[in-house]
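Trainee: Dropping a structure here in structure tokens format, bear with me for questions.
The values are calculated or read from the model by the stated rules, or taken from the named source; none is laboratory data. Since this is a predicted model, take the numbers as computed values, not measurements. Positions of Cβ are generated from backbone atoms using ideal geometry, with glycine treated the same way; all protein chains shown enter the neighbour counts.
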């Protein structure tokens, strides 16, 4: 009895250590994305000033896409991937007014998420703040939109095209649908991720293997979407 | 004094007045954030700009003409709008488009472009002789004339909206 008590105590201690280590790791990882975002925003502001000094045509431009095309640091935010999305949203919401930086961050968010909200008049935006409002609505509707598309009478190709327009936020919910038996929707995943050449599903069961290997990677994205 | 002489003197006086006023137009001063060359490259005549408000990324030319100084407003995509797209946008806000004519009464907004396929900038009249605009990231400035920009920057005034 004494031995089993020892084992129980040892197991409990190991569990606590494991839990604490993982929690700290997650916190560090999140802080790392947030820190990188903050550093990138500062660098973007500095690069804008430098570009203006070197190119007066940029200085005079009111087109925010001109700044994105000339400021390399924006790509560093895009490279942070979907984990940067909550911080982009937060930065836009917490900034005073809705200036050029908000707009640049909105463009970065669309690049990360692989969406083009301006294409649809219902999700149109023309300032950073307007993007944030439309973005929240888009995320709120994504799970039911995936469901609606999956259950519709559209052809498989049309379903996949429709899912593509929902972008990366739809992936966790497409995964759910595939797990429910809608295997025909799986091609939307590599299409959205731009990984048609690397994610193969030529053999039966390939989708299930990919989902098993990758599903947990999208858990925080799913939580972010469902938080809206 | 003969009438010819009077006409010549009158013409010289008007020219001197115009040149004097242009030379006296405030131009570059210590409040400007960027080098003088940045601003001179944008106008047809060097120094044809006068400081109204500080350089900031808080708002752009389109926001300014619509009455905002706290939003960067851009309803289009990656490319600058065409004149038709600008007309459509302005129509949606109740403005009517007319061919450019300086001093045209009732003008609220002036649109500029290097061509009708590339509208680059908007300004608003301060009065019949001056125009005010936010120059991208740069300052809010006043220029003499409604068509002060060089062809290599904003281009010519192409449209007015009333």
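Trainee: Can you pull out every residue in region A:138-158 that is assigned to a helix (DSSP H, G or I) and without any contact (Cβ under 8 Å) to a residue 60 or more places away in the chain?
Mentor: A:138, A:141, A:144, A:145, A:146, A:147, A:148, A:149, A:150, A:156, A:157, A:158, listed by residue number.
Trainee: Can you tell me which residues in region B:141-150 are away from chain A (no Cβ under 12 Å) and at negative phi?
Mentor: Of everything in region B:141-150, those that are away from chain A (no Cβ under 12 Å) and at negative phi turn out to be B:142, B:143, B:144, B:146, B:147, B:148.
Trainee: Right, something else. May I ask you to list the residues in region A:103-137 that are more than 9 Å from every other protein chain (Cβ to nearest Cβ) and assigned to a loop (DSSP other than H, G, I, E, B)?
Mentor: Matches in region A:103-137: A:114, A:115, A:120.
Trainee: Does residue B:64 meet the test of being assigned to a loop (DSSP other than H, G, I, E, B) and closer than 15 Å to residue B:123 by Cα?
Mentor: No; evaluated as a whole, the condition is false for this residue.
Trainee: Please verify whether residue B:41 is surrounded by 13 or more Cβ atoms within 10 Å (Cβ to Cβ), more than 13 Å from the chain's Cα centre (by Cα) and modelled with pLDDT under 95, treating the condition exactly as stated.
Mentor: Considered against the rule, which asks whether it is surrounded by 13 or more Cβ atoms within 10 Å (Cβ to Cβ), more than 13 Å from the chain's Cα centre (by Cα) and modelled with pLDDT under 95, residue B:41 comes out as yes.
Trainee: Could you tell me which of the residues A:155, A:162 is surrounded by 14 or more Cβ atoms within 10 Å (Cβ to Cβ) and modelled with pLDDT of 95 or more?
Mentor: Of the residues listed, the single one that is surrounded by 14 or more Cβ atoms within 10 Å (Cβ to Cβ) and modelled with pLDDT of 95 or more is A:162.
Trainee: Could I ask something else about it? Does residue B:55 qualify as being facing chain A (nearest Cβ under 10 Å), within 24 Å of residue A:45 (Cβ to Cβ), touching a residue at least 60 places away in the same chain (Cβ under 8 Å) and not in a loop (DSSP other than H, G, I, E, B)?
Mentor: No, not satisfied.
Trainee: Another one. Return a yes/no flag: does region B:59-66 have any residue that is more than 16 Å from the chain's Cα centre (by Cα) and either over 23 Å from residue A:58 (Cβ atoms) or modelled with pLDDT of 95 or more (or both).
Mentor: Yes, region B:59-66 contains at least one residue that is more than 16 Å from the chain's Cα centre (by Cα) and either over 23 Å from residue A:58 (Cβ atoms) or modelled with pLDDT of 95 or more (or both).
Trainee: Also, I was wondering about something else. Does residue A:212 qualify as being farther than 22 Å from residue A:120 by Cβ, modelled with pLDDT under 95 and within 14 Å of the chain's Cα centre (by Cα)?
Mentor: For residue A:212, the condition - farther than 22 Å from residue A:120 by Cβ, modelled with pLDDT under 95 and within 14 Å of the chain's Cα centre (by Cα) - is not met.
Trainee: Tell me the residue from A:54, A:26 that is closer than 25 Å to residue B:141 by Cα, modelled with pLDDT under 80 and surrounded by fewer than 16 Cβ atoms within 10 Å (Cβ to Cβ), please.
Mentor: Checking each option against the conditions leaves just A:54.
Trainee: Here is a further query. Looking at region A:63-96 only, could you name the residues that are crowded, with 18+ Cβ neighbours inside 10 Å, modelled with pLDDT under 95 and outside any helix (DSSP H, G or I)?
Mentor: A:71, A:80
Trainee: Go through region B:122-140 and give me each residue that's more than 11 Å from the chain's Cα centre (by Cα) and more than 14 Å from chain A (Cβ to nearest Cβ).
Mentor: Correct list: B:127, B:128.
Trainee: Conditions first: (1) out of contact with any helix residue (DSSP H, G or I) (no Cβ under 9 Å at 6 or more places or on another chain); (2) within 14 Å of another protein chain (Cβ to nearest Cβ); (3) at pLDDT 95 or above. Residue B:83 passes all but one, so which condition is the exception?
Mentor: Result: residue B:83 fails condition (2) only.
Residues are listed down the side, and each one gets a yes or a no for (1) within 30 Å of residue A:192 (Cα to Cα); (2) under 22 Å from the mean Cα position of the chain (by Cα); (3) within 14 Å of chain B (Cβ to nearest Cβ):
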| residue | (1), (2), (3) |
| --- | --- |
| A:35 | yes, yes, no |
| A:45 | no, no, yes |
| A:54 | no, no, yes |
| A:67 | yes, no, yes |
| A:80 | yes, yes, no |
| A:93 | yes, yes, no |
